[in-house]
């Protein structure tokens with residue numbers, strides 16, 4: 001629901017938008033596993049954020065020098 005609101009607002013404002021979803025719960029007919037606090041969910045959330053921010057990060061081994 002929140003994502004659809006973000007996309008609707010972006011369309012209205014005529015701006016670019018992106019969404020990153022991390023699935024943490026498993027819902028079946030017989031049970032509901034709330035896994036948000038599990039280590040794997042935390043680790044994968046950090047990885048997903050890292051991937052999303054990668055285009056905005058300065059390369060680690062950037063050694064460009066200015067030449068006069």
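Before moving on, here are some points about what is shown:
- Annotation for region 16-28: no member residue is closer than 22 Å to residue 1 by Cβ and either touching a residue at least 60 places away in the same chain (Cβ under 8 Å) or part of a helix (DSSP H, G or I) (or both).
- Residue check, residue 20 in contact with a helix residue (DSSP H, G or I) (Cβ under 6 Å, 6 or more places away or on another chain) and modelled with pLDDT of 85 or more: yes
The values are calculated or read from the model by the stated rules, or taken from the named source; none is laboratory data. Please read all numbers here as calculations on a predicted model, not as lab measurements. Here Cβ is always computed from backbone atoms with ideal geometry, including for glycine, and neighbour counts include all displayed protein chains.
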